[in-house]
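Q: Here it is, the structure in full.
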Amino acid sequence: MSATDRRDAAASIAPDAMAALRRRISVVLIASQILGGLGVATGIALAAVLAQQVSGTEALAGLAPTATVAGTALLSVPLAALMTARGRRPGLVLAYVIGALGAGTVVVAAVVGSFPLLLVGMAGFGAASSANLQARFAAADLAEPQRRARAIANVVWATTIGAVLGPNIAAPAGASASGFGIPLAAGPFLWAAGVFLVAAVLVLVLLRPDPLLTARALSPADEQSPEGRSIRAGIAAVAASPHARLALATVAVSHTAMVAIMSMTPVDLGHHGASIDLIGLVISVHIAGMYAFSPVMGRLSDRFGRLSVIGLSVGLLACAALVAGTAGGSHAQSTAGLFLLGLGWSAGLVSGSALLTDSVPGPARAAAQGVSDLTMNTAAGLGGAAAGLVVAQASYGWLNLIAAGLLLPLAALALFTRAR
């Protein structure tokens, strides 16, 4: 910890300043989350289109979003290691800067027509998603244990604004950059790079004192030793705690089920005659379910317990698979299924993240959280890739049935953990 960080932490120890400090950190994180979500949604809206244009084939179009997911997963651990050693602020700033560089690389790749360079840029672009995910844990660093889920949920909710606005400004962003010889589909990435840099500056200047370092300064003396803060210690902490293992399984399974079903829903809707506008509406309703109701999930998790909301997540996701998988040509039923899918994901992410934070020792917490994001995004990446194969070889209904099958071990683990 640097001298500045120690002074920052010491200045925040006074009990009468803690409430104001929590509010200020929450506001900064929410603002950065809005910007980060806006940048990610603006760029990713046309990622597959840009990949198709640069590669010259529709078969490779799906590799662009896949590269983003891979980048998010691969960068989760090194960013968590940096946060463990230096605090949340350096890790979040670096993530947004890498995201901006990745977005800039995508623009260059589009101009020169290099598909491999485009994939490299998309992987770097995924760092911004890592920052958005890690911000929810930063909100929990100083939160009171009985309000921890709500603190996480408020930051998750802020993503709603950017996620809704991003796709709607993608077209104007592309048109604004076309005068510089940048392809229309690459223009949004130029805007995203600028937005990520603004988010990085916001965090660098205003996220003071650092929430993680401050939490350590306020922790018992036996938790302030640097021992036990490595990634290996984070893995060991998760392995040693039944509740932490359940939390890890919850975020991984709920995210995988959501990505698998959501990624193939537009294809299924198209097969049943849905227009592009209708597909966009269905996805917008799904995103609303994911983010807009996260404060409700946070309150439920704090009020009734993490395990209860994990059970709610399993139930909502199972209902979503049933409703969406049997929708056929009913677009209204598909919309309802995707809304339930978003709600189930929100319940799983909020309760699982809070349970993980509750269940591991303070020194290993940041590392364990990074391991959680790595596991979650890796599983979802594999699930998204497998979803296309399942639909191609079987059907969309079978995909939903398989996704529902993933929930059975999670439900059994939750019941077993509660029984213990």
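Q: Could you pull out the residue among Phe180, Phe115, Phe189 that is more than 25 Å from Arg208 (Cβ to Cβ), under 20 Å from the mean Cα position of the chain (by Cα) and not charged (D, E, K, R)?
A: Phe189
Q: Quick check on segment 264-273. Is at least one of its residues modelled with pLDDT under 90, under 20 Å from Asp141 (Cβ atoms) and either surrounded by fewer than 16 Cβ atoms within 10 Å (Cβ to Cβ) or in contact with a strand residue (DSSP E or B) (Cβ under 6 Å, 6 or more places away or on another chain) (or both)?
A: no
Q: How many residues, within segment 165-209, are under 24 Å from Ala95 (Cβ atoms) and not in a helix (DSSP H, G or I)?
A: 4
Q: Which one of Val111, Val93, Val77, Val106 is in contact with a Pro (Cβ under 9 Å, 6 or more places away or on another chain) and in a helix (DSSP H, G or I)?
A: After applying the criteria, what remains is Val111.
Q: Output the qualifying pairs, or none if there are none: Cβ atoms under 6 angstrom, residues six or more apart or on different chains, first residue in segment 335-346 and farther than 12 Å from Met262 by Cβ, second residue hydroxyl-bearing (Ser, Thr, Tyr).
A: Within 6 Å, the pairs are Ser346/Ser294.
Q: To continue, here is another question. Just wondering, is there one or more residues in segment 201-209 that are under 28 Å from Leu281 (Cα atoms) and either in the same structural domain as Thr84 (by TED's automatic domain parsing) or not charged (D, E, K, R) (or both)?
A: no
Q: Do you know which of the residues in segment 68-96 that are charged (D, E, K, R) and crowded, with 21+ Cβ neighbours inside 10 Å is nearest to the chain's Cα centre (by Cα)?
A: Taking the candidates together, the pick is Arg88.
Q: Only one of (1) without any contact (Cβ under 8 Å) to a residue 24 or more places away in the chain; (2) buried (at least 23 other Cβ atoms within 10 Å of the Cβ) is not met by Gly99, so which one is it?
A: (1)
Q: Right, next: Which pairs do you get when a residue that is among the charged types (D, E, K, R), found in segment 367-395, comes within reach of a residue that is crowded, with 19+ Cβ neighbours inside 10 Å, reach meaning Cβ atoms under 8 angstrom, with the pair 6+ apart or on two chains?
A: Between residues of segment 367-395 that are among the charged types (D, E, K, R) and residues that are crowded, with 19+ Cβ neighbours inside 10 Å, the close pairs are Asp373/Thr72; Asp373/Ala73; Asp373/Ser76; Asp373/Ala80; Asp373/Ser130; Asp373/Leu133; Asp373/Gln134.
Q: While we're here: Out of segment 226-261, which residues are polar (S, T, N, Q) and either at pLDDT 90 or above or farther than 22 Å from Val77 by Cβ (or both)?
A: Filtering segment 226-261 down to residues polar (S, T, N, Q) leaves 230, 241, 250, 254, 256.
Hits for segment 226-261 are Ser241, Thr250, Ser254, Thr256.
Q: OK, next. Select, from Phe180, Phe196, Phe189, the only residue that is among the aromatic types (Phe, Trp, Tyr), at pLDDT below 85 and assigned by TED's automatic domain parsing to the domain that holds Leu29.
A: Phe180
The values are calculated or read from the model by the stated rules, or taken from the named source; none is laboratory data. Everything quoted here is computed from the prediction, not taken from an experiment. FYI the Cβ positions are ideal-geometry reconstructions off the backbone, even for glycines, and counts take in every protein chain you see.
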